[in-house]
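Chemist: Take a look at this one; I'll ask things after.
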Amino acid sequence: MRGDGLEDYNILSYFCDTYEQHLSKSHDNDSEESARASVRHRYKDDFRPKHGRVVRLEGHETMPQFVGRWFPRNDRTEDRLLYKLMMMAVLKPWRKLSDLVVGFRTVDEAWDVFMDQSAQKFDMFLENVQYFYHCSDQSASRQEKEYATYEPAEKDKQHIEVDIEDEDDNGVIVAEEALWTEEDILGAQEIEKGHEERFGVTAMEHAFDAGIFQRHYEFDPSVPLAKRCTALDKVQYEEWVDVLKDYASKGVVVVNDNLDDIGSVNGHPSLPGVEPATDPPGTGEGEPRLRDILNTEQKLFHDIVEDHLHATVRGLKPTQMLMILRGPGGTGKTVAINALTETFKNMGFEPQLAKTATSGVAATLISGRTVHTWAGLSIGGPRGENWVEGSVYTAQKRLANIGPVEYLIIDEVSMATKDLLANLSDIVTHVRSKLDKPGEGLYFGGMNVILCGDFHQFPPVANGEAALYHPKCTGKHAQKGQEIYSCFDKVVTLRQQMRVRDKRWQELLDRLRTGSCTREDIEVLHGLRLDIPDNPKPDFQGPEWSKAVLITPRNSARKRWNASAVRQHCAVNKTRLYSCPAEDTAKGSPLSTNQRMSVAKKTTKHTGNLAHRVEVAIGMKAMVLLNIATEADLANGTRGVVEGIVLDDREDANPTVVDGVTMLKYPPAAVFFRPSGKTNVKIDGVEDGLLPIIPTEASFTIVLTDGSRRTVNRRQVALTPGYAFTDYKGQGQTLEYVIVDMEKPCGGPDINPFSAYVALSRSRGRGTIRLLRGFEEKHFVTHPSAALREEDERLDFSTVHTERWWNEGRRYTM
Ligand SMILES: Nc1ncnc2c1ncn2[C@@H]1O[C@H](COP(=O)(O)OP(=O)(O)OP(=O)(O)O)[C@@H](O)[C@H]1O
């Protein structure tokens, strides 16, 4: 179909160096105008007569993405023929596949001549095609590497033959539809950038070497299939979704999943291995209060806020409280917030307290919501001139969320930006002024605000300079945010470590915060590496370490780890593994193969955050990835266990099983999930403590090859196996047994001292943490930020000031 002018173009240059465009007559190359513009070529034989190919200008940076399996190796006799044919198919111009060898007796002869003429021109390409094999050979230095033993499956070979036969008389491939097999689509769904794939593959090699996983697991084929739902069940599931929405809008669903569970506002469990608070119990009547188990520093925070609340309740109109609660990871900030929540609840003032966080996971830990959801603020910042008022829907939502609130907590504030603070203040001020609340002229319209967190943990995503403490301000919102932040004059610092029980580990973490680790600290870390043969290895199949989770900077490692962990779980516990595809439709009909291929190439970010495929099994550890109910993201980031799976009623009675995995045709109708924390949700027909996860719906747009657009509606369960997390999702969590991956990624954002600190500070000590592989020592001996160093000094000073103020007997209630 390529026009005669592109006769010399091969597949690679055709797709990279030209693109399709609608051509008007004046676009012909012989017109005067076109002499100045890019060169255009009409298609051959009236193929899409109104369109043609435009040659990109020199120096463009369009890169090809090859869908499907890796090209064959060039260094194995058995692959050589296929390799030569494939390379010529990509690099040599042809119209019929037979052109590749026309005039030659053998493929070898054709290849030799081609290489004589073109080897230099394509040497980079040819080398890059083999780069994957170089890396995988080197990194694992083993013969049995998965890709090194890659044999084109019989299916692949047949597929190539079919393609050749699919040419019509003119040598044009008949129908693009026929080109994509199910396997191609699956391959496209899994495609990753080369460096991401290498990062994930090599991470797993270390896991296999360390005995964490086996390369292959055998599943018991006799495990019965989960039951299919009935049409009536489906109706009931829809009702459950409504019940959950109702809970969500009331602002309570899941209570946090801190392991010791003392953050729970619903109970007071024992505190194994934690030193009791030194202060005498508080004055709570009857039931012990969470406040009573707080340490002195946590109590100071709690009591200042409680005092302010008493003053408010008594109508004393105390001055606005703008406070910071800070402290290294594990000093009990989350627990202090939960104790405060209980106090508000006991006083009947829970609706006046809004608990928010900058991330979904952090919000779950305090049973709160993300600050963006609460304030009706889009992630990318305000849109349109009228953003403070917002649409009718947003205005109503803001009125309902912000209207009753007098105290606002924003947790994980290290990730908040100056812009966010300014915009939030404007929105809150606007809502309060509409309600005629006192506080005119004050930031946040006079609302009391508590910023909570640790600036040594993650700064704002992809923009560290946007952090509240950073002096650099881009734009007037940031300047205002900086001004607002400087008004936070009450500062409580938590220093007593509540998570880490190992003194030596704690010293290391303290030094890591300021990039002042010693040589001995670095040696301690090397001593924890799993890739050093002489280091002692824990028993990863034993009762303790089999619970370990991985923290890694990259999704490619997270996904592979989860896949192996789920397989291990299914093999050991003799349970069935289901691979659940998303259900995609356009205007109510299933997608065509081409449309499916377009969707397959999209990343989850562009498919409404719903994955192409989700693997689930009974007993599997899982994490909820989206809102269970759309109105609030209460459940985003909640960890738990899958306890039940009900298949869609349209599912086959005997679904296909590939490599032991049951390949479903639809997402399951319901997955029953038990959160690790407690849930106060009660749904008729659902066992107490379980939450039904019904496929979530999202829509997104795809652009088809002819340039037209389609809206795709997707249904999928918003779940992922919960055996590995990226480091951002790890922030705020206490993990009992943890394996940390700090290998330098070879593309995209690098590891930094913040991510190293967040990952290492999740564990309680050297006995319960291991490093998957090596790390760059510079992160341990470099201060994360000069601006943060200054901010620490300022906040230390404010802490002393606040303590003195309180100890001198100053009270809001006076
Ligand atoms: N007063 C306390 N008594 C006993 N255990 C506590 C106390 N405060 C906190 N803990 C325990 O210490 C661990 C860390 O607490 P928490 O998660 O609140 O710390 P954090 O400061 O929020 O940490 P991060 O900054 O990593 O989010 C948890 O396991 C928690 O249960």
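Chemist: Which of (1) within 13 Å of PHE775 (Cα to Cα); (2) assigned to a helix (DSSP H, G or I) does LEU512 not meet, given it meets every other one?
Modeler: (1)
Chemist: Now a separate question. When you scan region 501-511, do you find a residue that is free of Cβ contacts under 8 Å to residues at least 60 places away in the same chain, within 16 Å of the ligand (Cβ to nearest atom) and among the charged types (D, E, K, R), even just one?
Modeler: Within region 501-511, one or more residues are free of Cβ contacts under 8 Å to residues at least 60 places away in the same chain, within 16 Å of the ligand (Cβ to nearest atom) and among the charged types (D, E, K, R).
Chemist: Can I ask one more? Would you point out the residue of region 304-356, among those that are without any contact (Cβ under 8 Å) to a residue 24 or more places away in the chain and out of contact with any helix residue (DSSP H, G or I) (no Cβ under 8 Å at 6 or more places or on another chain), that is nearest to the ligand (Cβ to nearest atom)?
Modeler: Residues of region 304-356 that are without any contact (Cβ under 8 Å) to a residue 24 or more places away in the chain, as a first pass: 315, 348, 350.
Applying the additional criterion that residues be out of contact with any helix residue (DSSP H, G or I) (no Cβ under 8 Å at 6 or more places or on another chain) yields 315, 348.
Numbers: GLY315: 33, GLY348: 25 Å.
Per the stated criteria, the residue is GLY348.
Chemist: Of the residues that make up region 528-545, is at least one under 30 Å from GLY774 (Cβ atoms) and outside any loop (DSSP other than H, G, I, E, B)? So that I can check it myself, show each step before the final result.
Modeler: Going through region 528-545, the residues under 30 Å from GLY774 (Cβ atoms) turn out to be 528-545.
Okay, now just the ones that are also outside any loop (DSSP other than H, G, I, E, B), so 529, 545.
Yes, because at least one residue in region 528-545 is under 30 Å from GLY774 (Cβ atoms) and outside any loop (DSSP other than H, G, I, E, B).
Chemist: Would you confirm, using the coordinates I've provided, whether ALA188 is surrounded by 13 or more Cβ atoms within 10 Å (Cβ to Cβ), at pLDDT 85 or above and under 29 Å from the mean Cα position of the chain (by Cα)? So that I can check it myself, show each step before the final result.
Modeler: Working: surrounded by 13 or more Cβ atoms within 10 Å (Cβ to Cβ): yes; at pLDDT 85 or above: no; under 29 Å from the mean Cα position of the chain (by Cα): yes.
No.
Chemist: Here's another thing I want to ask about it. Quick test of your reading of the structure: THR341 fulfils all but one of (1) buried (at least 23 other Cβ atoms within 10 Å of the Cβ); (2) in contact with a Leu (Cβ under 7 Å, 6 or more places away or on another chain). Name the failing condition by number.
Modeler: Among (1) buried (at least 23 other Cβ atoms within 10 Å of the Cβ); (2) in contact with a Leu (Cβ under 7 Å, 6 or more places away or on another chain), THR341 violates only (1).
Chemist: Here is a list of conditions, (1) hydroxyl-bearing (Ser, Thr, Tyr); (2) in contact with a Phe, Trp or Tyr (Cβ under 9 Å, 6 or more places away or on another chain); (3) modelled with pLDDT under 95, and SER708 meets all of them except one; can you say which number that is?
Modeler: The single condition SER708 does not satisfy is (2).
Chemist: Of the residues in region 721-732, how many are polar (S, T, N, Q) and more than 14 Å from VAL361 (Cα to Cα)?
Modeler: 0
Chemist: Please verify whether SER708 is closer than 30 Å to LYS587 by Cα and without any contact (Cβ under 8 Å) to a residue 12 or more places away in the chain, treating the condition exactly as stated. Reasoning before the result, please.
Modeler: Numbers: closer than 30 Å to LYS587 by Cα: yes; without any contact (Cβ under 8 Å) to a residue 12 or more places away in the chain: yes.
Yes; evaluated as a whole, the condition is true for this residue.
Chemist: Test ALA422 against the stated conditions and say whether it is more than 30 Å from LYS299 (Cβ to Cβ), at pLDDT 95 or above and among the small types (Gly, Ala, Ser). Spell out how you get there, then give the answer.
Modeler: Numbers: more than 30 Å from LYS299 (Cβ to Cβ): yes; at pLDDT 95 or above: yes; among the small types (Gly, Ala, Ser): yes.
When the stated conditions are applied, ALA422 passes them.
Chemist: Kindly indicate whether any position in region 366-386 is part of a strand (DSSP E or B) and in the same structural domain as TYR485 (by the TED database).
Modeler: The initial filter retains those residues of region 366-386 that are part of a strand (DSSP E or B), namely 369-370.
This time we only want the ones that are in the same structural domain as TYR485 (by the TED database), so: 369-370.
Checking region 366-386: at least one residue is part of a strand (DSSP E or B) and in the same structural domain as TYR485 (by the TED database).
Chemist: With the requirement that a residue be away from the ligand (no atom under 16 Å from the Cβ) and closer than 12 Å to THR417 by Cβ, what does region 434-466 give you?
Modeler: Within region 434-466, PRO460, VAL461, ALA462, ASN463, GLY464, GLU465, ALA466 meet the criteria.
Chemist: So which residues in region 406-417 are surrounded by fewer than 22 Cβ atoms within 10 Å (Cβ to Cβ) and either assigned to a helix (DSSP H, G or I) or free of Cβ contacts under 8 Å to residues at least 60 places away in the same chain (or both)?
Modeler: Residues satisfying the conditions do not exist here.
Chemist: Go through region 738-765 residue by residue and tally those that are outside any strand (DSSP E or B) and either within 23 Å of GLU507 (Cβ to Cβ) or in contact with a Phe, Trp or Tyr (Cβ under 6 Å, 6 or more places away or on another chain) (or both). Talk me through it step by step, then tell me what you get.
Modeler: Keep residues of region 738-765 that are outside any strand (DSSP E or B), which gives 741-765.
Still in the list and also either within 23 Å of GLU507 (Cβ to Cβ) or in contact with a Phe, Trp or Tyr (Cβ under 6 Å, 6 or more places away or on another chain) (or both): 742, 745, 751-765.
Summing the residues that are outside any strand (DSSP E or B) and either within 23 Å of GLU507 (Cβ to Cβ) or in contact with a Phe, Trp or Tyr (Cβ under 6 Å, 6 or more places away or on another chain) (or both) in region 738-765 gives 17.
Chemist: Going by the structure shown, is TYR469 aromatic (Phe, Trp, Tyr) and under 30 Å from HIS783 (Cα atoms)?
Modeler: Numbers: aromatic (Phe, Trp, Tyr): yes; under 30 Å from HIS783 (Cα atoms): yes.
Against the criterion (aromatic (Phe, Trp, Tyr) and under 30 Å from HIS783 (Cα atoms)), TYR469 qualifies.
Chemist: Follow-up. Just a yes or no: is a residue in region 795-804 over 25 Å from the mean Cα position of the chain (by Cα), within 16 Å of the ligand (Cβ to nearest atom) and within 30 Å of ALA311 (Cβ to Cβ)? Outline the logic, then answer.
Modeler: Residues of region 795-804 over 25 Å from the mean Cα position of the chain (by Cα): 795-804.
Narrowing the set further to residues that are within 16 Å of the ligand (Cβ to nearest atom) leaves 795, 799.
Retained after the next criterion (residues that are within 30 Å of ALA311 (Cβ to Cβ)): 795, 799.
Yes: region 795-804 contains one or more residues that are over 25 Å from the mean Cα position of the chain (by Cα), within 16 Å of the ligand (Cβ to nearest atom) and within 30 Å of ALA311 (Cβ to Cβ).
Chemist: Considering each residue of region 427-468, count those that are under 19 Å from ASP411 (Cα atoms) and surrounded by 19 or more Cβ atoms within 10 Å (Cβ to Cβ), and give that number.
Modeler: The number of residues fulfilling the criteria is 21.
Chemist: If you don't mind, another one. When region 92-132 is examined, which residues are found to be in a helix (DSSP H, G or I), among the aliphatic types (A, V, I, L, M) and farther than 30 Å from PHE199 by Cβ?
Modeler: Within region 92-132, the first condition is being in a helix (DSSP H, G or I), and the residues that meet it are 97-100, 107-132.
Restricting the remaining residues to those that are among the aliphatic types (A, V, I, L, M) gives 97, 100, 107, 110, 113, 115, 119, 124, 126, 129.
Within region 92-132, LEU97, LEU100, VAL107, ALA110, VAL113, MET115, ALA119 qualify.
The values are calculated or read from the model by the stated rules, or taken from the named source; none is laboratory data. If you're wondering where the values come from, they're calculated on a predicted model, not measured in any experiment. FYI the Cβ positions are ideal-geometry reconstructions off the backbone, even for glycines, and counts take in every protein chain you see.
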